[in-house]
Amino acid sequence: MATPHFLSTFIKSSFLFLVSISCFLEQTHAFESKNTKIQDSFHTIQVSSLFPASVCSPSKDSIKKRPSTLEVFHRHGPCSKLSQDEAAATPSLSDILSHDQSRVKSIRARLDSIRTTDKVKDKKVNLPVQSGSSLGSGNYLVSMGIGSPKKTLSLIFDTGSDLTWTQCQPCARSCYKQQDPIFDPKTSNSYSNVSCTSTTCSQLSSATGNTPSCSLGTCVYGIQYGDQSFSVGLFSKDTLTIATDVFPNFMFGCGQNNRGLFGRTAGLIGLGRDPLSIVSQTATKYGKYFSYCLPSKPSSTGYLTLGKAALGGVQFTPFDSSQGSSFYYISITSIAISGQQLPIGRAVFKNAGAIIDSGTVITRLPPAAYSALSAAFKQGMKKYPAAPAFSILDTCYDLSNYTSISVPTVSFTFDGEVKINLSPLGTLIAVSSTVACLAFAGNSDAASIGIFGNMQQLAFEVVYDVAGGKLGFAAAGC
Ligand SMILES: *[C@@H]1O[C@H](CO)[C@@H](O)[C@H](O)[C@H]1NC(C)=O
Ligand SMILES: *[C@@H]1O[C@H](CO)[C@@H](O)[C@H](O)[C@H]1NC(C)=O
């Protein structure tokens, strides 16, 4: 079969994409909660618990009985069926952190372009090309079914983007190697193309940050996650199956040209706020409500539940609805170390703003907030010898002479007096077998957005009540 005309055309005219992204974390560096003793202001942990486990130990069975619930596993952990295959391609921690920085840059560029677009919204605006940064792809995967009969695909889930896409046959231009067989629309009797003239085609502009293109009457999407990762292809409809729930005519990207840091996954699920996100498209069934728990160790599993589950002990903070775009904005009001509130003015958080993101690994804070956090953490860790900075992490300790350590408790307070105590696995990240660093980084610019990243979310059940306009946290989620 010859390369379809549409591909050569739209690749030449080359999309100027920029968007959210995901990042990949090889989270081989977690603490085991069973070795954790929680006191009031310090956690005592075994240094040995820093090392990764090689055996998968799935968490709580009770969760699997919840309706509309999918198992979440870490891409590189032993619970991932992709991990064997990915072993050779597993990035180092310094690669992961540099991909993380690229994701953060992309998020900022996207926010800047949205602000610019708002100012000149009466004119047609081309979004700026984002160049010079690569980006990673999400760390956490779930499986969903597409087509009739359904084909099961392992997909990265990402709260920082909207379009769901998977690689599709005939891979007219390029497909990377994936674990599952590549979806072939010809084998699905419920597949259809979205036409260029449909209103949903025009919605791609906000969902992807790029104006859609048209090929032989079929709407063509393009999404780029930095200068190396992208997916371009036919905007399509087919039946989506989530656990036992079936959604006919789900709109997604059928990727004909796909490249980048997606590992062996089949594509990506966009859990953002845009009308084309999976959250919006399944709203009649799930009411724009979902929750997830990211496993505290890569050797364990978490879950993604769509719809309202019967949860106890969830504290809710309002989303900051004054902000547009697909991101989930929240308001951080204060940070405490060992129960002592840090001297950070509210304006510091307010001026920067913040989002919660499933794909950013390390939480980013305004510079004044980070320096206060780092200083207080150093004070609490002063008996341990300091180690040199590692990548974006500058508060590091040499733990070679210790079998157990006492880590100051870090707490975050969000709007609505929602206070959560991070577990030590959300506080320290091991960067080698003997060195661990504070798992936070400061932004260089006080106006840059704060990002509450996935390390700090580990083990919480994080609840997105999008319709209700609020975000919840429940401790000991998985
Ligand atoms: C969808 O569009 C592509 C490109 O125009 C075409 O090759 C394909 O046959 C179409 N599929 C269906 C089911 O209409
Ligand atoms: C560990 O202990 C040994 C022996 O007391 C000492 O020589 C070494 O400097 C210590 N290492 C660190 C990183 O503190």
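The values are calculated or read from the model by the stated rules, or taken from the named source; none is laboratory data. It should be emphasised that the depicted structure is a prediction, and the values quoted were computed from it without experimental measurement. With ideal geometry, Cβ positions are generated from the backbone for all residues, glycine too; neighbour counts draw on all protein chains shown. Surface accessibility is based on the protein's heavy atoms, side chains included, excluding ligands, DNA and RNA. Shrake-Rupley method; radii C 1.70, N 1.55, O 1.52, S 1.80 Å.
What the table shows:
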| item | result |
| --- | --- |
| Every pair of residues 6+ apart whose Cβ atoms lie under 7 Å, when the first sits in the stretch 419-437 and is under 14 Å from Ala474 (Cβ atoms) while the second is of a type in the set (Asp, Glu) | none |
| Lone unmet requirement of (1) in a loop (DSSP other than H, G, I, E, B); (2) in contact with a strand residue (DSSP E or B) (Cβ under 8 Å, 6 or more places away or on another chain) for Thr317 | (1) |
| Some residue of the stretch 403-414 being of a type in the set (Gly, Ala, Ser), closer than 13 Å to Val47 by Cβ and modelled with pLDDT under 95 | yes |
| All positions within the stretch 329-350 that are part of a helix (DSSP H, G or I) and farther than 23 Å from Thr159 by Cα | Arg346, Ala347, Val348 |
| Residue match in the stretch 342-356 (condition: more than 30 Å from Ser432 (Cβ to Cβ) and over 28 Å from the mean Cα position of the chain (by Cα)) | yes |
| Subset of the stretch 185-227 that is over 21 Å from Ile278 (Cα atoms) and either within 16 Å of ligand 2 (Cβ to nearest atom) or within 28 Å of the chain's Cα centre (by Cα) (or both) - its residue that is most open to solvent (accessible area, probe 1.4 Å) | Asp227 |
| Selection count, the stretch 256-280, where residues are closer than 18 Å to Arg173 by Cα and of a type in the set (A, V, I, L, M) | 2 |
| Selection from the stretch 299-333 of residues that are out of contact with any Lys or Arg (no Cβ under 8 Å at 6 or more places or on another chain), of a type in the set (Ser, Thr, Tyr) and closer than 17 Å to Gly453 by Cα | Tyr329 |
| Residue check, Pro181 modelled with pLDDT of 95 or more, over 17 Å from Gln224 (Cα atoms) and more than 16 Å from ligand 1 (Cβ to nearest atom) | yes |
| Meets criteria (under 26 Å from the mean Cα position of the chain (by Cα), in the same structural domain as Asn454 (by TED's automatic domain parsing) and at pLDDT 95 or above) for Thr427 | no |
| Residue within the stretch 455-469 that is under 19 Å from the mean Cα position of the chain (by Cα), open to solvent by 40 Å² or more (accessible area, probe 1.4 Å) and closer than 21 Å to Val348 by Cβ present | no |
| Selection within the stretch 241-253 - touching a helix residue (DSSP H, G or I) at 6+ places or on another chain (Cβ under 8 Å) and either open to solvent by less than 10 Å² (accessible area, probe 1.4 Å) or among the β-branched types (Val, Ile, Thr) (or both) | Phe250 |
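Here is a yes/no grid of residues against (1) within 16 Å of ligand 2 (Cβ to nearest atom); (2) surrounded by 19 or more Cβ atoms within 10 Å (Cβ to Cβ):
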residue: Ser326; (1), (2): no, yes
residue: Ala347; (1), (2): no, no
residue: Ala354; (1), (2): no, yes
residue: Thr363; (1), (2): no, yes
residue: Ala368; (1), (2): no, yes
residue: Pro385; (1), (2): yes, no
residue: Leu399; (1), (2): yes, yes
